[in-house]
Amino acid sequence: MGEVKGLKPCPFCGKEARMHKRLNTPYHAVVCPDTKCPGHNLYVLFWKEQDAIRAWNRRDGVDDNQTGVD
(Lines give C-alpha, C1' and ligand atoms only; values in the text may rest on other atoms or scores of the structure.)
Protein backbone atom coordinates (compact mmCIF):
# COMPACT_ATOMS: atom_id res chain seq x y z
CA MET A 1 0.00 0.00 0.00
CA GLY A 2 2.75 2.45 0.84
CA GLU A 3 2.85 5.87 2.42
CA VAL A 4 0.09 6.97 4.78
CA LYS A 5 -0.13 10.38 6.45
CA GLY A 6 0.18 10.38 10.21
CA LEU A 7 2.43 7.33 10.62
CA LYS A 8 5.25 7.75 13.10
CA PRO A 9 8.68 6.47 12.07
CA CYS A 10 9.83 3.02 13.08
CA PRO A 11 10.56 3.00 16.84
CA PHE A 12 13.58 0.72 16.27
CA CYS A 13 15.47 2.38 13.40
CA GLY A 14 13.68 5.67 12.70
CA LYS A 15 12.88 4.92 9.05
CA GLU A 16 9.55 5.85 7.47
CA ALA A 17 6.91 3.18 8.17
CA ARG A 18 4.69 1.69 5.47
CA MET A 19 1.10 0.45 5.43
CA HIS A 20 0.82 -3.20 4.41
CA LYS A 21 -2.42 -4.73 3.11
CA ARG A 22 -2.42 -8.52 3.05
CA LEU A 23 -3.32 -9.75 -0.43
CA ASN A 24 -6.73 -11.38 -0.74
CA THR A 25 -7.54 -10.61 2.89
CA PRO A 26 -9.24 -7.72 4.70
CA TYR A 27 -6.22 -7.21 6.98
CA HIS A 28 -3.99 -4.13 7.42
CA ALA A 29 -0.66 -3.73 9.20
CA VAL A 30 2.10 -1.16 9.48
CA VAL A 31 5.68 -2.32 8.99
CA CYS A 32 9.21 -0.96 8.70
CA PRO A 33 10.55 -1.34 5.14
CA ASP A 34 14.06 -2.25 6.36
CA THR A 35 14.26 -6.07 6.29
CA LYS A 36 17.11 -6.01 8.84
CA CYS A 37 15.05 -4.06 11.38
CA PRO A 38 12.95 -5.80 14.08
CA GLY A 39 10.06 -3.52 13.05
CA HIS A 40 9.90 -5.28 9.67
CA ASN A 41 8.55 -8.55 11.07
CA LEU A 42 6.90 -7.18 14.19
CA TYR A 43 3.32 -6.39 13.26
CA VAL A 44 -0.27 -7.20 14.18
CA LEU A 45 -3.07 -7.50 11.64
CA PHE A 46 -6.13 -5.28 11.95
CA TRP A 47 -9.45 -5.17 10.11
CA LYS A 48 -9.38 -1.37 9.86
CA GLU A 49 -6.49 0.68 8.50
CA GLN A 50 -6.99 3.32 11.21
CA ASP A 51 -6.66 0.69 13.95
CA ALA A 52 -3.32 -0.47 12.48
CA ILE A 53 -2.09 3.14 12.36
CA ARG A 54 -3.21 3.81 15.93
CA ALA A 55 -1.42 0.66 17.18
CA TRP A 56 1.80 1.46 15.29
CA ASN A 57 1.86 5.06 16.53
CA ARG A 58 1.40 4.08 20.17
CA ARG A 59 4.59 4.47 22.17
CA ASP A 60 4.58 3.40 25.82
CA GLY A 61 6.08 6.06 28.05
CA VAL A 62 6.22 8.66 25.25
CA ASP A 63 3.69 11.42 24.81
CA ASP A 64 1.87 11.82 21.48
CA ASN A 65 4.12 14.69 20.35
CA GLN A 66 7.27 12.55 20.39
CA THR A 67 8.30 9.83 17.94
CA GLY A 68 10.26 7.65 20.37
CA VAL A 69 13.32 7.91 18.11
CA ASP A 70 16.51 9.76 19.10
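The values are calculated or read from the model by the stated rules, or taken from the named source; none is laboratory data. Since we're looking at a predicted model, the values are computed, not measured. Note that we place each Cβ from the backbone using ideal geometry, even for glycine, and neighbour counts take in every protein chain shown. Just so you know, the surface numbers come from the protein's heavy atoms only, side chains and all, with ligands and any DNA or RNA stripped out. Shrake-Rupley method; radii C 1.70, N 1.55, O 1.52, S 1.80 Å.
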Estimated inter-spin distance, Arg54 and Glu16, nm [label 7 Å along Cα→Cβ]: 2.6 nm
From most to least accessible, 1.4 Å probe, no ligand or DNA/RNA atoms counted, Phe12, Phe46 line up as Phe12, Phe46
